[in-house]
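Input: a single structure, listed below in structure tokens.
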Amino acid sequence: MIKSKLPDIGTTIFTVMSKMADEAGALNLSQGFPDFEVSRELIAHVSNAMKQGHNQYAPMPGLLFLRKSIANSLKDTYNWNGDIVTEITVTGGATEALYSCITAFIHPGDEVLIIEPAYDSYIPAVRLSGGVPVPVQLNPENFSVQWNNVEEAITEKTKMIIINSPHNPTGSVWSKTDLIKLEQVAIERNLLVLSDEVYDRIIFDGLQHESVLRFPELRKRSMAVFSFGKTFHVTGWKVGYVVAPDYLTSEIRKVHQFLNFSVNTPIQYGLATYLADINHYQNLHIFYEKKRDLFLKRITGSRFKPVKCSGTYFQLLSYAAISDKDERTMAEYLTKEYKIASIPVSPFYSDQRNNNILRFCFAKKDETIKKAAKILCRI
Ligand code: PMP
Ligand code: GLN
């Protein structure tokens with residue numbers, strides 16, 4: 001009766017592992033979300049907006065008040081000087097922004113470069129538009145981009161490249177040199193760039209996030225996607241935004257208006273007020289760097305070997321010294337037997353390859369991090 005459009009796609013690994021963690025009563029360091037409180041002030045702003053009657057549809061592209069706050073934060077951080085009315089669109093999380101961007105531009109047969117390991121929403125979205133995902137592997141040693149491989153993968157049919165820095169799941173980040181190279185390749189080969197920057201404010205060791213918005217020529221062909229879920233610890237609110245030049249934004253909005261139309265009004269008011277104060281985001285990297293360091297310090301002496309994490313709130317740990325189980329089996333085993341849940345990295349590869357590495361989310365209370373480390377040290 002029906003012919004599935006995604007016959008080989010099951011439930012996302014995030015849902016699978018969080019459910020398994022719940023059922024096993026395990027500490028959940030799998031799906032990426034904080035276990036600590038959200039700012040009372042932010043919640044009060046949202047609640048006040050509701051009480052003041054801001055409960056009907058917001059404008060389709062997003063509240064102007066919120067777009068103004070976003071523009072100020074982008075100006076402050078990336079020296080962005082674009083147009084608030086025609087270049088910023090508020091979306092139902094970054095997920096909707098990514099989907100709208102892909103749907104707006106990918107025609108059947110268009111090839112899209114996906115840098116792997118890759119966040120799991122990109123490939124299904126490309127395929128639903130009839131596009132052809134073309135995986136390009138990061139360097140397995142340090143998860144840096146291998147430009148030779150990227151350039152070799154480009155054909156006459158390549159329409160778009162999807163990039164993600166700071167990178168989920170590896171925690172690697174792209175350097176300024178990478179962005180300069182990206183700009184050159186995108187211009188030479190006439191590519192659109194979809195840049196997933198949801199962890200833009202979570203970058204460590206004094207590094208600077210190299211947004212596509214910092215590079216004027218690159219910006220002309222790029223869509224930069226952000227998420228309030230990550231920046232304000234509210235993953236359940238599902239509010240994000242996409243910044244793109246007007247000729248791209250007008251097409252993206254054609255999809256957005258029929259996919260979602262508009263985003264939760266009182267939450268947009270609350271975010272707009274809260275975002276106006278730079279103190280609410282400018283030290284986020286310090287907050288998470290401390291958590292990364294606490295986690296690393298507490299697992300010293302365990303048999304897990306950390307992979308360098310320069311951004312995001314995920315730490316990869318190799319268990320090669322402990323077991324040769326594949327990653328899914330190992331993640332399940334640790335959840336059920338040791339009561340600690342993580343995410344296997346294999347689902348982020350289209351060939352599901354196994355590297356004996358698991359991803360642990362450290363967006364957790366210090367107390368949770370310490371408990372988790374204690375378990376890991378016993379394994
Ligand atoms: N991209 C990446 C790399 C992510 O880690 C996430 C996290 N969920 C998303 C996109 C989606 O963000 P959102 O929850 O705002 O839809
Ligand atoms: N981005 C989150 C992660 O990487 C999860 C998002 C989701 O569950 N869809 O863990």
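Can you tell me how the stretch 302-356 classifies by the Cα gyration tensor, rounded, prolate or oblate, using a/c under 1.5 as the rounded cut? Note, shape of the stretch 302-356 comes out rounded. Pairs exceeding 31 Å between alpha-carbon atoms, taken from K308/K364; K238/K364; K19/K157; K254/K290; K51/K371; K51/K339: K19/K157; K254/K290; K51/K371; K51/K339. The coefficient of translational diffusion for the stretch 22-87, derived via Stokes-Einstein from the alpha carbon Kirkwood radius under 10 °C and 1.306 mPa s, stands at 102 µm²/s. Sorted on the mean count of surrounding Cβ atoms within 10 Å across their residues, most packed first, peptides 330-337, 8-15 read 330-337, 8-15.
Here each label is just a point 7 Å from Cα along the line to Cβ, and for D277 and D35 those points are 2.8 nm apart. Computed extension length for K305-T329: 6.8 nm, one decimal, from 0.36 nm per residue of separation with the Cα-Cα distance subtracted. Dipole size of the stretch 301-379 about its Cα centre, with +1 on Lys/Arg Cβ and -1 on Asp/Glu Cβ: approximately 340 debye, rounded to the nearest 20.
Please state the shape class of the stretch 1-139: rounded when a/c is under 1.5, otherwise prolate if a/b exceeds b/c and oblate if not, all from the C-alpha gyration tensor. Because a/c hits 1.5 or more and a/b fails to exceed b/c, the stretch 1-139 counts as oblate. The stretch between K176 and N142, if pulled fully straight at 0.36 nm per residue, gains 10.5 nm over its current Cα-Cα span. The length gained on full extension between L128 and E23, counted as 0.36 nm times the residue separation minus their Cα-Cα distance, comes to 34.6 nm. With a simple spin-label model that places each label point 7 Å from the Cα along the Cα-to-Cβ direction, the separation between M60 and K374 comes to 5.5 nm. Cross-link reach is defined here as a Cα-Cα straight distance under 19 Å, omitting same-chain residues fewer than 8 places apart; for K75 the aspartates and glutamates meeting it are D83, E87, D196, E197, D200, E210, E217, D246, D277.
Net charge dipole, the chain: roughly 980 debye, given to the nearest 20, about the Cα centre with Cβ charges of +1 for Lys and Arg and -1 for Asp and Glu.
Taking the chain as a Gaussian network of alpha-carbon nodes connected by springs under 10 Å, the highest mean-square fluctuation of the residues P166, P61, P108 belongs to P108.
A quarter of the convex hull surface defined by the alpha-carbon atoms of the stretch 145-219 gives 5.0 nm² as the mean projection. Computed from phi, the 3J(HN,Hα) profile of the stretch 118-133 under the Karplus parametrisation 6.51, -1.76, 1.60 (θ = phi - 60°) reads 10, 3, 7, 8, 5, 5, x, 5, 4, 5, 5, 8, x, x, 10, x Hz, with x in place of Gly and Pro. Model label points for K297 and T11, set 7 angstrom from Cα along the Cα-to-Cβ axis, are 3.8 nm apart.
Neighbour counts of C-beta atoms inside 10 Å place E37, E116 in the sequence E37, E116, starting with the fewest.
For the stretch 200-318, a/c is not less than 1.5, where a ≥ b ≥ c are the root eigenvalues of the C-alpha gyration tensor, and a/b tops b/c. That puts it in the prolate class. The mean sequence distance of close C-alpha pairs (under 8 Å, at least 6 residues apart), as a share of the length of the stretch 178-314, puts its relative contact order at 26 percent.
Between the C-alpha center of the stretch 84-141 and that of the stretch 147-219 there is a gap of 13 Å. Between D351, D110, D246, the residue with the greatest mean-square fluctuation in the GNM of the chain (Cα pairs under 10 Å linked by springs) is D351. Counting alpha carbon pairs within less than 8 Å and at least 6 residues apart, what relative contact order, in whole percent, applies to the stretch 1-155? Relative contact order here is 15 percent. Taking F105, F36, F314 as the candidate residues, the one with maximal mean-square fluctuation in a Gaussian network model of the chain, Cα springs under 10 Å, is F36.
Laboratory data are not the source of any read-out in this text; all were calculated from the coordinates shown. Since the structure is predicted, the reported quantities are computational estimates derived from the model, not experimental observations. When we count neighbours, we look across all protein chains shown, and the Cβ atoms used for this are built from the backbone with ideal geometry, even at glycine.
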